[in-house]
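One structure is given below, encoded as structure tokens.
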Amino acid sequence: MALIVQKFGGTSVGSTERIRNVARRVAKWKQAGHDVVVVPSAMAGETNRLIALAKEIQPDPDPRELDVIASTGEQVTIGLLAMALKGLGVNAKSYTGAQVRVLTDSAFTKARILDIDEQRLRADLAKGCVPVVAGFQGMDEAGNITTLGRGGSDTSAVALAAALKADECQIFTDVDGVYTTDPRIVPEARRLHTITFEEMLEMASLGSKVLQIRSVEFAGKYRVRLRVLSSLTDPALPIAEEAQSGTLITFEEDEKMEQAVISGIAFSRDEAKITVMGVPDRPGIAYAILGPIADANIDVDMIIQNASVEGMTDFSFTVPRGDYAKAMEIARKVQEHIKAKGIFGDNKVAKVSMVGVGMRSHVGIASQMFRTLAEEGINIQMISTSEIKISVVIDEKYLELAVRVLHKAFGLDQPA
Ligand code: ADP
Ligand code: ASP
Ligand code: MG
């Protein structure tokens with residue numbers, strides 16, 4: 001019999017009725033003889049509500065206190081779910097991150113898991129008990145409560161699966177797997193039976209929030225077998241069927257040989273672009289501009305420097321939209337310092353990315369992408385590529401159109 005970590009997202013535990021359904025599903029696996037560890041998120045909307053409350057008191061909340069507040073959403077669901085399980089005759093016990101001892105660093109609101117003490121969980125499992133562990137949270141060395149960043153329960157689940165050497169980590173969510181793109185934007189999107197770990201990593205990092213990127217990184221590092229599947233099916237669905245459902249993240253690229261060149265399209269609205277114009281083109285300029293941005297802990301994503309004309313160039317880069325104001329302020333100071341002619345910012349841009357390991361062996365994907373966007377009159381502002389992805393920055397107002405036309409142009413709506 002297997003050891004399985006089952007994670008349930010916000011919608012999946014969004015009401016007491018849904019929590020009862022989660023309990024039925026878990027009980028089914030338990031009663032079939034499997035060892036199960038359950039990791040719920042907070043009820044849908046709850047984390048947003050808690051963060052908004054904090055902001056009513058302090059517009060830019062103290063990060064330590066914000067984590068104390070935001071982590072409570074999961075503390076409620078572990079208690080409710082443990083009770084629902086006991087109501088079904090399943091021995092269960094709730095744990096906060098700190099009670100397990102999910103040790104993290106002290107980067108409040110975006111902490112990283114350093115270590116998990118799995119002793120208590122193992123002891124419970126040995127007694128036939130189902131540990132119900134709060135997602136999204138941990139504790140640092142000094143005993144402070146920390147959270148792992150939005151969507152962090154995925155990472156809690158995969159990290160627990162790695163620590164326990166579980167046979168599989170199942171991420172139950174409100175869609176029945178990983179799709180060729182967000183099915184909320186493109187109804188014709190298709191579910192993928194498998195996606196390679198590398199592709200999933202790109203999709204997550206480029207904006208597909210079906211899995212938090214760090215959870216995919218963990219799965220890769222510790223070779224955790226990871227599956228995304230639906231929590232909205234009948235909880236009594238036969239295990240043999242459920243075990244094969246959804247999308248499996250595979251480590252075998254060969255399995256994909258027969259499939260499409262492009263596996264999926266990811267997008268992100270969390271983008272802003274800053275251009276420093278008329279920059280004297282001399283060594284050290286990129287550092288002069290980006291150094292202070294990095295010092296302010298702002299992640300720079302895409303960077304473009306134009307060819308120099310009469311010793312002058314333009315320099316553009318993108319930052320997360322939440323850091324736009326801060327980045328503009330810094331860039332303005334730099335502009336004065338390096339005597340650049342001007343500065344221009346745009347926080348209404350978006351990034352669209354096509355991902356697929358098949359790109360390695362196919363040429364012409366980029367030009368087909370650019371042609372498709374051109375035919376719709378969508379201007380490409382920036383481009384970046386890697387072996388298995390192409391990303392473009394465009395005006396945000398064309399984002400949905402771009403995703404739809406690319407999805408169709410690359411035949412992603414057709415069976416592979
Ligand atoms: P949970 O609360 O279960 O963690 P999330 O909202 O974080 O759920 O993630 C699931 C959502 O991810 C889906 O409802 C879907 O809208 C979105 N999503 C984005 N890209 C994809 C994709 N490629 N495949 C499936 N879902 C996607
Ligand atoms: N509840 C947290 C959030 O909303 C973590 C999660 O759902 O994964 O971000
Ligand atoms: Mg999520």
Requested in this report: Using label points projected 7 Å from each Cα along Cα→Cβ, tell me how many nm separate E310 and E375, to one decimal.
Outcome: 4.1 nm
**Report entry** Which of K397, K273 is most accessible, then next, and so on - probe 1.4 Å
**Finding:** K397, K273
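How would you classify the range 1-131 from its alpha-carbon gyration tensor, with a ≥ b ≥ c the square roots of the eigenvalues: rounded for a/c under 1.5, else prolate if a/b is greater than b/c, otherwise oblate?
Working: a/c = 2.86, a/b = 1.55, b/c = 1.84.
Here the range 1-131 falls in the oblate category.
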Query raised in the report: How much of F197 can a 1.4 Å solvent probe reach, expressed as accessible area in Å² and rounded to 10?
Result: 40 Å²
Report summary line: Residues of the range 299-319 with backbone N under 18 Å of the label point set 7 Å from the Cα of K333 along Cα→Cβ are 299-300
Query raised in the report: Taking a temperature of 10 °C and a viscosity of 1.306 mPa s, what whole-number D in µm²/s does Stokes-Einstein yield for the range 262-390 with Rh from Kirkwood over alpha carbon pairs?
Result: 99 µm²/s
Query raised in the report: Going by alpha carbons, how many degrees (0 to 90, nearest 10) lie between the helix axis of 324-338 and the longest principal axis of the chain?
Result: 30 degrees
Query raised in the report: Ignoring ligands and nucleic acids, what accessible area does E400 show with a 1.4 Å probe (Å², nearest 10)?
Result: 80 Å²
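Please go through the residue pairs K30/K221; K30/K127; K209/K348; K209/K273; K7/K28 and name each one whose alpha carbons sit more than 18 Å apart in this structure. Can you show the working numbers first?
Details: K30/K221 28 Å; K30/K127 12 Å; K209/K348 20 Å; K209/K273 22 Å; K7/K28 15 Å.
From K30/K221; K30/K127; K209/K348; K209/K273; K7/K28, over 18 Å: K30/K221; K209/K348; K209/K273.
With runs of 4+ DSSP H residues as the only contributors, calculate the mean residue ellipticity of the chain at 222 nm using -39,500 (n - 2.57) per run, divided by the residue total and rounded to the nearest 500.
-10500 deg cm²/dmol
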Report task. On a C-alpha basis, how far is the centre of the range 328-376 from the centre of the range 212-227 in Å? Whole number, if you could? Result -> 28 Å
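Looking at the chain only, what percent of DSSP beta bridges run antiparallel? Nearest 5 please.
65 percent
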Report summary line: Here the gain from full extension of R64 to A286, 0.36 nm per residue of separation minus their alpha-carbon distance, amounts to 76.5 nm
Requested in this report: Compute the distance in nm between two label points, each set 7 Å from the Cα along the Cα-to-Cβ direction, one at S15 and one at D270.
Outcome: 3.0 nm
Query raised in the report: Between K408 and F251, what is the spin-label point distance in nm, taking each point 7 Å from the Cα along the Cα→C-beta axis?
Result: 4.1 nm
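Please list the equivalent ellipsoid semi-axes of the range 331-416, computed as the square roots of five times the alpha-carbon gyration tensor eigenvalues, in descending order and whole angstrom. Each step should come with its number before you reach the end.
On the way: eigenvalues 195, 49, 20 Å².
Over the Cα atoms of the range 331-416, the semi-axes work out to 31, 16, 10 Å.
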**Report entry** Set of the range 63-78 residues, backbone N closer than 17 Å to the point 7 Å along the Cα-Cβ line of A142
**Finding:** 63-69
Query raised in the report: What does the accessible area of I145 come to, in Å² to the nearest 10, when a probe of 1.4 Å is used?
Result: 60 Å²
Query raised in the report: Between H362 and E188, what FRET efficiency follows from the Cβ-Cβ distance if R0 is 25 Å, with the result rounded to 0.05?
Result: 0.65
Query raised in the report: In degrees between 0 and 90, to the nearest 10, how far off the longest principal axis of the chain does helix 153-164 point, with axes built from Cα atoms?
Result: 60 degrees
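Please say if the range 173-260 is rounded, prolate or oblate, where rounded means a/c under 1.5 for a ≥ b ≥ c the square roots of the C-alpha gyration tensor eigenvalues, and otherwise the choice is prolate for a/b larger than b/c and oblate otherwise?
On the way: a/c = 1.41, a/b = 1.21, b/c = 1.16.
Rounded, because the longest to shortest axis ratio a/c is under 1.5.
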Query raised in the report: Could you state the principal axis extents of the C-alpha atoms in the chain, from the largest down, to the nearest angstrom?
Result: 78, 51, 33
Query raised in the report: How much length is gained if the chain between D234 and K86 is pulled fully straight, taking 0.36 nm per residue apart and subtracting their Cα-Cα distance, in nm to one decimal?
Result: 51.3 nm
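The values are calculated or read from the model by the stated rules, or taken from the named source; none is laboratory data. No experiment lies behind these values; they were computed from the predicted model shown. Virtual Cβ from ideal backbone geometry, glycine too; neighbours counted across all protein chains shown. The accessibility values were calculated without ligands, DNA or RNA, using every heavy atom of the protein model including side chains. Shrake-Rupley method; radii C 1.70, N 1.55, O 1.52, S 1.80 Å.
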